[in-house]
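The values are calculated or read from the model by the stated rules, or taken from the named source; none is laboratory data. None of the values given here were measured: they were computed from a predicted structure. Quick reminder, even Gly has a Cβ in these numbers, built from the backbone with ideal geometry, and neighbours come from all protein chains shown. Note: areas computed on protein heavy atoms with side chains; ligands, DNA, RNA excluded. Shrake-Rupley method; radii C 1.70, N 1.55, O 1.52, S 1.80 Å.
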Amino acid sequence: MKKLILSTLVTLASVTAFAGKTIPAGTYAIDTAHSKIGFEIPHLVIATVEGRFNKFDGSITIDPKLEKSKANLNVDVATINTDNKDRDDHLKSPDFFDVAKNPKMTFVTKKIVGTADNLKLVGDLTLKGKTKEVTLDVKYLGDVNDPFGNHKVAFSATGKINRKDFGLTWSKAVEAGPVVGDEVTLIIKIEANKPIEKKG
């Protein structure tokens, strides 16, 4: 019983300590080597296809007043990777993303709501020439100094979009059946850096 009480107190103390944290202010560049912009979409109802974009950049600016913070993201759509070259080539074609005419996908913050423990990031997502408001559920994972002179922060985020809102449709035969779902789940994991501030 004593061990159970002690364990509970330690857990509560840890949760309370994290809940009281604030995200360190500053402007951070996304560390693309340790970040991921991914997605998944239903396939034939019973499964999903997963993918990611291999090239992207962006920044996060944390204001002392969290609601004034902002983030932006630029994605090279031609670097889509679903681990199937034929499918990737088709996705890049005019049937879907049409990367020759629409090489970039962007996200720009409109507002931030919540606290470090529970954030909602609302912004404009532009894809294939169409802009729609998207809400991301964001978790702040913490901060740390790395051995290379950077202060790092980390976040994870998820959100959902309807591919048809962005004109990502193909043949009537495919769209009439359950081959590919309409709802796309965005899965984002971000590490971002800023130089460690030198004291005195």
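The table below gives the values:
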{"read-out": "Peptides ranked, highest mean first, by Cβ atoms within 10 Å: ranges 137-147, 117-127, 100-110", "value": "117-127, 100-110, 137-147"}
{"read-out": "Area accessible to solvent at Thr61, 1.4 Å probe radius, in Å²", "value": "40 Å²"}
{"read-out": "Peptides 148-154, 75-81 ordered by average Cβ neighbours within 10 Å, highest first", "value": "75-81, 148-154"}
{"read-out": "Residue-count net charge about Gly129 - beta-carbon cut-off 10 Å; Lys, Arg +1, Asp, Glu -1", "value": "+2"}
{"read-out": "Solvent exposure of segment 49-200 as accessible area per residue, Å², 1.4 Å probe", "value": "57 Å²"}
{"read-out": "Electrostatic dipole magnitude of segment 65-144 [Cβ: Lys, Arg +1; Asp, Glu -1; Cα centre; debye, to 20]", "value": "440 debye"}
{"read-out": "Two-site label geometry, Arg52 and Val108: point separation in nm, points 7 Å out along Cα→Cβ", "value": "2.8 nm"}
{"read-out": "Formal net charge of residues neighbouring Lys152 (Cβ-Cβ distance under 14 Å; K, R +1; D, E -1)", "value": "-3"}
{"read-out": "Solvent accessible area, Å² - Glu197, 1.4 Å probe, full protein context", "value": "140 Å²"}
{"read-out": "Sequence of Asp31, Asp63 from largest to smallest accessible area, 1.4 Å probe", "value": "Asp63, Asp31"}
{"read-out": "Total charge dipole magnitude, segment 56-200, about the Cα centre, Cβ charges on Lys, Arg, Asp, Glu only, Debye to nearest 20", "value": "440 debye"}
